[in-house]
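S.K.: To start, I am sharing the structure in question, which I have written as structure tokens.
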Amino acid sequence: MEYRILGPLEARRGGTAIDIRGRRQLTVLAILLVDANRVVPTDHLVEAVWGRRPPTTSRSQIHICVSSLRRQLFAGDDPIDTRAPGYRLRVAEEELDLHVFQARVAAARTAVRDADPRRAVAELRAALSLWHGRALAGIGGDAVRALAARYDEQRLAVHEECLELELEHGPANAHDLAGELLALVAAHPRRERLLALLMTALYRAGRQAEALDEYHKARLRFVGELGIEPGSGLDALYQRILTHDPALAGPAAPPPEPVRAARTADRAPRRLPADVADFTGRRDSLTGLLTALERTGGTAVPTAVVSGRGGVGKTTLAVHAAHLLAPRFPDGQLFARLCGPDGAENPHDVLGRFLRAYGLGERDIPDGAEERAETYRDLMADRRALVILDDALTESQVFPLLPGTSRCRVIITSRRPLPGLPAAVRLRLAPFTERSALELGGRIAGHARIDADRAAAVALNETCGYLPLALRLAAARLAAHPHWTVADLVARLGAGSAWLAEMQAQTGVEQAYAGLSDDAGRLFRLLPLVEAADFPAWVGAPLLDVDVCRAEALFDELADADLLVARPAPGGTRYWVPGWILGYARRLQAPEHDQARRKSHERLLGALLYLSEMAHRRRGGHDLRLAGNGASRWELPGPQADLITADPAGWYGRERPWVLRAVRQATAAGFAEHAWGLAMCTVTFAGLPAPAGRYPGDES
């Protein structure tokens with residue numbers, strides 16, 4: 001289990017967020033986590049939930065809350081112990097982000113005592129990266145908010161400590177620190193320590209007038225709002241800046257660069273794309289990326305490879321991490337997109353851009369690719385620079401662009417895992433969780449609109465396949481049309497909205513489809529015939545009139561191309577196609593293939609009818625010889641059909657929504673006998689409970 005309280009409360013199992021139901025349950029869990037591994041008295045929990053006027057049944061209700069948490073969170077081993085006078089939640093140190101934060105801060109202070117300020121800064125930055133909002137955000141109650149305020153104050157103090165170390169010892173650039181401090185002072189205008197750090201950073205960045213102006217603005221604020229003058233420390237710093245005190249100059253500059261044959265630019269390049277203001281989720285991935293790239297030692301250039309399907313957020317994560325890392329790399333940040341609209345970028349051309357970014361003239365840049373790579377490595381040898389290589393296609397594209405020194409860091413994104421590249425860390429990004437998807441939609445379109453129709457918001461997430469890029473485009477569309485509801489947008493997507501083409505182009509669906517084999521491409525075009533939330537592998541057999549093994553291989557090809565998602569399930573692997581990808585498959589359907597598509601549809605309905613009848617008979621149903629007697633059947637091989645329907649109730653429980661939709665679908669398509677046969681088979685299973693989960697069109 002993993003628990004997060006440095007932001008909205010979250011519990012995760014196996015990397016997946018658990019939806020914790022109940023306001024009281026959240027409050028109880030918050031208090032147990034704050035006092036993890038210690039017994040929390042029941043009276044303390046009562047006060048946290050109800051304040052000083054609890055109901056007479058409060059103690060029994062706390063017991064119910066704890067029981068509910070046990071059911072929702074823990075399968076098997078239960079870490080909540082009942083110990084007089086209350087409860088104790090057992091948590092390993094690495095399971096709770098608060099404990100990790102405190103351990104990182106302790107390690108930083110040890111590094112300070114060991115006279116290793118740079119290691120201290122790396123530890124503090126890693127600690128701060130664990131935060132994703134105000135502590136325990138969204139949970140009310142005086143007791144919880146008091147605890148949250150304490151941790152928020154700790155975070156701010158650690159941030160001040162980190163910035164002070166960076167100002168005194170480097171390696172951060174004073175300009176970059178000034179920008180970070182301006183934002184902090186705007187959020188906390190009465191913290192004199194932050195004001196002092198901001199004035200110092202501005203002065204060291206050569207912005208003396210701005211440093212003095214910050215003091216004057218603060219003094220007016222203090223006098224006007226509080227009726228007091230700034231503290232003596234701020235006054236003294238003002239006088240030192242006014243008189244150019246040499247002690248304010250900061251750490252000694254690094255040794256000058258060795259003389260080079262070619263001229264270099266006076267200013268290090270800053271080529272990173274803009275960061276997104278609404279960066280959401282990915283906390284584990286971000287922490288892993290920052291931690292791996294902050295490690296020192298060794299001679300190899302530390303490299304991170306971030307892979308995943310198009311639109312999953314690889315570039316957004318890499319750019320966000322790069323902006324957080326940028327102050328540690330004062331000698332420049334380079335960015336290159338290795339796959340553009342016209343195909344793969346040539347490393348020869350990218351090297352030319354990198355060399356020009358450092359001030360080399362055209363005469364100083366060699367013509368040959370190998371000579372350019374050598375010049376690039378020589379140029380980077382004594383620099384601390386960060387290189388982002390986005391959307392790489394192959395390892396051979398990347399190798400010439402790697403610096404030759406461990407002082408630099410490289411982040412590579414790719415739709416492929418690039419196993420041939422040596423990497424300090426590899427991250428494979430999955431689509432968003434439900435929680436992150438809803439959070440992103442709320443940040444862009446407004447939380448009120450998303451919360452007003454949560455069911456439609458979940459349907460929108462599913463239609464977008466939980467892909468961050470698709471979700472961002474959809475939410476931006478919603479924000480641009482304030483008169484739309486979320487349900488309106490879902491309906492437009494289902495009807496094939498014109499802007500789906502933009503989504504498909506940006507997520508690489510067209511390129512993925514172009515790379516399919518002929519049979520896999522045909523199977524993909526036929527998937528809109530399967531009106532099911534998800535489906536098993538045998539579905540491909542009747543669609544293409546092939547055996548099930550061949551169908552499984554083709555589905556694997558589609559999954560490898562990120563055109564559908566394979567999900568483990570109790571009855572075997574099931575496949576799910578996001579709605580916007582299905583929209584692309586519909587666009588590919590040509591009228592001249594209507595007859596062949598109708599034949600595929602008839603075979604699919606025939607296979608579903610054949611299995612329904614088998615399940616019906618195994619369930620002890622009556623003779624159905626007259627029902628759907630004129631319908632064609634597509635018979636799966638006996639052993640496979642037996643295996644599929646071995647548990648007839650379980651099979652029908654999984655396929656019930658699809659069977660019900662297939663009845664309507666068959667009727668609309670003119671397959672009346674198939675519709676009649678399928679409808680009659682459902683009678684045997686009428687008493688079964690409806691399956692859990694979301695199945696579009698289940699109107700039974």
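Table: residues versus (1) in contact (Cβ under 8 Å) with a residue 24 or more places away in the chain; (2) out of contact with any strand residue (DSSP E or B) (no Cβ under 8 Å at 6 or more places or on another chain).
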position: Phe74; (1), (2): yes, no
position: Ala106; (1), (2): no, yes
position: Arg119; (1), (2): yes, yes
position: Ser129; (1), (2): yes, yes
position: Gly133; (1), (2): yes, yes
position: Ala137; (1), (2): yes, yes
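S.K.: Does region 187-200 contain at least one residue that is under 31 Å from the mean Cα position of the chain (by Cα), over 30 Å from Leu33 (Cα atoms), hydrophobic (A, V, I, L, M, F, W, C) and assigned to a helix (DSSP H, G or I)?
M.R.: From region 187-200, those under 31 Å from the mean Cα position of the chain (by Cα) are 187-188; that's our starting set.
Keeping just the survivors that are over 30 Å from Leu33 (Cα atoms) gives none.
Among the residues of region 187-200, not one is under 31 Å from the mean Cα position of the chain (by Cα), over 30 Å from Leu33 (Cα atoms), hydrophobic (A, V, I, L, M, F, W, C) and assigned to a helix (DSSP H, G or I), which makes the answer no.
S.K.: If you go through region 146-153 one residue at a time, do you hit one that is surrounded by fewer than 16 Cβ atoms within 10 Å (Cβ to Cβ) and touching a helix residue (DSSP H, G or I) at 6+ places or on another chain (Cβ under 8 Å)? Spell out how you get there, then give the answer.
M.R.: Of the residues in region 146-153, the ones surrounded by fewer than 16 Cβ atoms within 10 Å (Cβ to Cβ) are 146, 149-150, 153.
Then drop every residue that is not touching a helix residue (DSSP H, G or I) at 6+ places or on another chain (Cβ under 8 Å), which leaves none.
Looking for residues that are surrounded by fewer than 16 Cβ atoms within 10 Å (Cβ to Cβ) and touching a helix residue (DSSP H, G or I) at 6+ places or on another chain (Cβ under 8 Å), one finds none in region 146-153, hence no.
S.K.: Out of all the residues in region 461-477, is one or more of a type in the set (Lys, Arg), surrounded by 18 or more Cβ atoms within 10 Å (Cβ to Cβ) and under 15 Å from Trp580 (Cα atoms)?
M.R.: Step one: of region 461-477, the residues of a type in the set (Lys, Arg) are 472, 477.
Then keep just the ones that are surrounded by 18 or more Cβ atoms within 10 Å (Cβ to Cβ); that gives 472, 477.
The next check asks that each one be under 15 Å from Trp580 (Cα atoms); those that pass are 472, 477.
Yes: region 461-477 contains one or more residues that are of a type in the set (Lys, Arg), surrounded by 18 or more Cβ atoms within 10 Å (Cβ to Cβ) and under 15 Å from Trp580 (Cα atoms).
S.K.: Restricting attention to region 201-211, report how many residues are part of a helix (DSSP H, G or I) and under 14 Å from Leu242 (Cα atoms). Quick ask: steps written out before the conclusion?
M.R.: At the first step, the residues of region 201-211 found to be part of a helix (DSSP H, G or I) are 201-204, 208-211.
Among the residues that remain, those that are also under 14 Å from Leu242 (Cα atoms) are: 202-204, 208-211.
Qualifying residue count, region 201-211: 7.
S.K.: Assess whether Pro258 counts as being farther than 30 Å from Ala127 by Cα, touching an Asp or Glu at 6+ places or on another chain (Cβ under 7 Å), modelled with pLDDT of 85 or more and not β-branched (Val, Ile, Thr). Show your work before the answer.
M.R.: Values: farther than 30 Å from Ala127 by Cα: yes; touching an Asp or Glu at 6+ places or on another chain (Cβ under 7 Å): yes; modelled with pLDDT of 85 or more: no; not β-branched (Val, Ile, Thr): yes.
When the stated conditions are applied, Pro258 does not pass them.
S.K.: Would you tally the residues in region 162-175 being buried (at least 19 other Cβ atoms within 10 Å of the Cβ) and touching a residue at least 40 places away in the same chain (Cβ under 8 Å)?
M.R.: So the count comes out to 8.
S.K.: For a quick check of your reading: which helices (runs of 4 or more DSSP H) sit entirely within region 90-169 and have at least 2 residues that are closer than 23 Å to Ala277 by Cα? Before you say what the answer is, go through the steps one by one.
M.R.: Numbers: elements: 97-113, 117-128, 142-169.
Counting at least 2 such residues, we get 117-128, 142-169.
S.K.: OK, next. Please work out which one of (1) among the hydrophobic types (A, V, I, L, M, F, W, C); (2) under 24 Å from Gln154 (Cβ atoms); (3) under 26 Å from the mean Cα position of the chain (by Cα) is the condition Val40 fails and give its number.
M.R.: That leaves (3) as the condition not met.
S.K.: When you go through Leu554, Leu563, Leu582, Leu558 one by one, which is the residue that is within 23 Å of His601 (Cβ to Cβ), touching a residue at least 12 places away in the same chain (Cβ under 8 Å) and either part of a strand (DSSP E or B) or in contact with an Asp or Glu (Cβ under 6 Å, 6 or more places away or on another chain) (or both)? If you could, list the steps in order and put the result at the bottom.
M.R.: Working: Leu563 fails: either part of a strand (DSSP E or B) or in contact with an Asp or Glu (Cβ under 6 Å, 6 or more places away or on another chain) (or both); Leu582 fails: either part of a strand (DSSP E or B) or in contact with an Asp or Glu (Cβ under 6 Å, 6 or more places away or on another chain) (or both); Leu558 fails: either part of a strand (DSSP E or B) or in contact with an Asp or Glu (Cβ under 6 Å, 6 or more places away or on another chain) (or both).
Checking each option against the conditions leaves just Leu554.
S.K.: Going by the structure shown, is Gly138 surrounded by 20 or more Cβ atoms within 10 Å (Cβ to Cβ) and either at pLDDT below 90 or closer than 15 Å to Val34 by Cα (or both)?
M.R.: Working: surrounded by 20 or more Cβ atoms within 10 Å (Cβ to Cβ): no; either at pLDDT below 90 or closer than 15 Å to Val34 by Cα (or both): yes.
For Gly138, the condition - surrounded by 20 or more Cβ atoms within 10 Å (Cβ to Cβ) and either at pLDDT below 90 or closer than 15 Å to Val34 by Cα (or both) - is not met.
S.K.: Filtering region 59-79 down to residues that are farther than 15 Å from Gly22 by Cα and touching a helix residue (DSSP H, G or I) at 6+ places or on another chain (Cβ under 6 Å), which residue is modelled with the highest pLDDT?
M.R.: If we take residues in region 59-79 being farther than 15 Å from Gly22 by Cα and touching a helix residue (DSSP H, G or I) at 6+ places or on another chain (Cβ under 6 Å), then Arg59 is modelled with the highest pLDDT.
S.K.: Just to be sure, is Gly352 farther than 18 Å from Lys314 by Cβ, in a loop (DSSP other than H, G, I, E, B) and either touching a residue at least 40 places away in the same chain (Cβ under 8 Å) or out of contact with any Cys (no Cβ under 7 Å at 6 or more places or on another chain) (or both)? Give the derivation first.
M.R.: Details: farther than 18 Å from Lys314 by Cβ: yes; in a loop (DSSP other than H, G, I, E, B): no; either touching a residue at least 40 places away in the same chain (Cβ under 8 Å) or out of contact with any Cys (no Cβ under 7 Å at 6 or more places or on another chain) (or both): yes.
The answer is no for Gly352.
S.K.: Here is a further query. Given the residues Ala36, Ala11, which is the only one that is of a type in the set (A, V, I, L, M, F, W, C) and part of a strand (DSSP E or B)? Even if it seems obvious, please write down each step before you answer.
M.R.: On the way: Ala36 fails: part of a strand (DSSP E or B).
Only one candidate qualifies: Ala11.
S.K.: Please determine, by comparing only the residues of region 268-323 that are acidic (Asp, Glu) and either part of a loop (DSSP other than H, G, I, E, B) or surrounded by fewer than 19 Cβ atoms within 10 Å (Cβ to Cβ) (or both), which one is modelled with the highest pLDDT.
M.R.: Looking only at region 268-323, we keep the residues that are acidic (Asp, Glu), and these are 275, 278, 284, 294.
Among the residues that remain, those that are also either part of a loop (DSSP other than H, G, I, E, B) or surrounded by fewer than 19 Cβ atoms within 10 Å (Cβ to Cβ) (or both) are: 275, 278, 284.
Details: Asp275: 88, Asp278: 82, Asp284: 85.
This residue is Asp275.
The values are calculated or read from the model by the stated rules, or taken from the named source; none is laboratory data. Every value quoted in this text rests on a predicted model; they were computed, and no experiment measured them. For neighbour counting, all protein chains shown are included, and Cβ atoms are generated from backbone atoms with ideal geometry for every residue, glycine included.
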